[in-house]
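Engineer: Provided herewith is a single structure, encoded as structure tokens, for subsequent inquiry.
The values are calculated or read from the model by the stated rules, or taken from the named source; none is laboratory data. Source: prediction; values computed, not measured. Cβ: placed from backbone, ideal geometry, glycine included. Neighbour counts: every protein chain shown. When the accessible area is computed, the model is the full protein with side chains, heavy atoms only, and any ligands, DNA or RNA have been set aside. Shrake-Rupley method; radii C 1.70, N 1.55, O 1.52, S 1.80 Å.
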Amino acid sequence: DKLGKSVKGAAGALGLALSARAAINFGKAAVKAFAEDEAAASRLAKTVDNLGLSFANAELAKFVEDLSMSSGVVDDKLRPALQGLLTTTGSVVNSQKLLKQAIDISAGSGVDLETVANDLAQAYVGNTKGLKKYNTGLTQAELKAASFEEIQKKLNEQFSGSNAAYLGTYAGKMQLLTTAAGEAKETIGGGLIEAFKILAGDTSINDLAAKMKTLATNIADFFRGLAQGFKDLAAMPVIKQMLQLAGILLKILGKVAGGVVSPFVTEG
């Protein structure tokens, strides 16, 4: 019974240690995911500002968030695609429509989303060369002569509903779950950073980063000083003699203990 309780106790302690380690690793990953997501969002917002469309920043942020959850496409892929569309078309409304269409074309053709979005953006301004890969049934000359509305209609006939159909498959459902989990991780990471800021009494990431850097430097200096102190201490003649004496005493005690025990130890 005692042995069983000890084993269970040890297993429980080990499980707790492993859980703590897993929690720490998840926390690190969550903070990293949030930081990367925030940087990507900042790049898109800056592009929108530069295009003179600052009024649409909040709308576009919500659009990307909702589209990610409904389409199963991670926002890390949606933002660069939307950024390219905005840069080329200069229109918020048209860029949103084209991004939704690009998701269907990407799902139906297997071409990555950013490439599809770029091909649509180029076709929007009259360059239809990139559309050949989607097998629209139109020759290059026909593509060049067609209006963008006609090309869109042709692409819709071929790819409309492709992403919805994909999301109905097992792989599509798993993608939706993965996307949702990724969004949750980013949200948790943001919460952790806010918690660090509150505990540090700071209101900005820059202040928190500066304090963390100072703390890390101080800890590093402490350990370097501690190591140097031990090294200097061990080099002192008196300390060397004490260590040598301690070693001799341990050897003597070992021999004495062995002599006391040996008569009571039998072979076999």
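Engineer: Quick check on my filter: what residues within the range 133-156 are over 20 Å from residue 91 (Cα atoms), open to solvent by less than 40 Å² (accessible area, probe 1.4 Å) and not in a loop (DSSP other than H, G, I, E, B)? If you could, list the steps in order and put the result at the bottom.
Structural biologist: Quick first cut of the range 133-156, residues over 20 Å from residue 91 (Cα atoms) only: 133-146, 154-156.
With open to solvent by less than 40 Å² (accessible area, probe 1.4 Å) added as a condition, the list becomes 134, 136, 143, 146, 155.
Those that are over 20 Å from residue 91 (Cα atoms), open to solvent by less than 40 Å² (accessible area, probe 1.4 Å) and not in a loop (DSSP other than H, G, I, E, B): 134, 143, 155.
Engineer: Follow-up. Would you mind finding the one in 49, 112 that is in contact with a helix residue (DSSP H, G or I) (Cβ under 7 Å, 6 or more places away or on another chain) and modelled with pLDDT of 90 or more? Lay out the reasoning, then the answer.
Structural biologist: Details: 49 fails: in contact with a helix residue (DSSP H, G or I) (Cβ under 7 Å, 6 or more places away or on another chain).
Criteria check complete, one pass: 112.
Engineer: Also, quick follow-up: Which of the following residues is among the small types (Gly, Ala, Ser), under 16 Å from residue 155 (Cβ atoms), touching an Asp or Glu at 6+ places or on another chain (Cβ under 8 Å) and open to solvent by less than 70 Å² (accessible area, probe 1.4 Å): 84, 130, 108?
Structural biologist: Details: 84 fails: under 16 Å from residue 155 (Cβ atoms); 108 fails: touching an Asp or Glu at 6+ places or on another chain (Cβ under 8 Å).
Of the residues listed, the single one that is among the small types (Gly, Ala, Ser), under 16 Å from residue 155 (Cβ atoms), touching an Asp or Glu at 6+ places or on another chain (Cβ under 8 Å) and open to solvent by less than 70 Å² (accessible area, probe 1.4 Å) is 130.
Engineer: Does the range 224-237 contain at least one residue that is more than 26 Å from the chain's Cα centre (by Cα), at pLDDT 70 or above and closer than 26 Å to residue 26 by Cβ?
Structural biologist: Taking the range 224-237 first, the residues more than 26 Å from the chain's Cα centre (by Cα) are 224-237.
Subset that is at pLDDT 70 or above: 224-232, 235-237.
Filter once more, keeping what is closer than 26 Å to residue 26 by Cβ: none.
No, the range 224-237 contains no residue that is more than 26 Å from the chain's Cα centre (by Cα), at pLDDT 70 or above and closer than 26 Å to residue 26 by Cβ.
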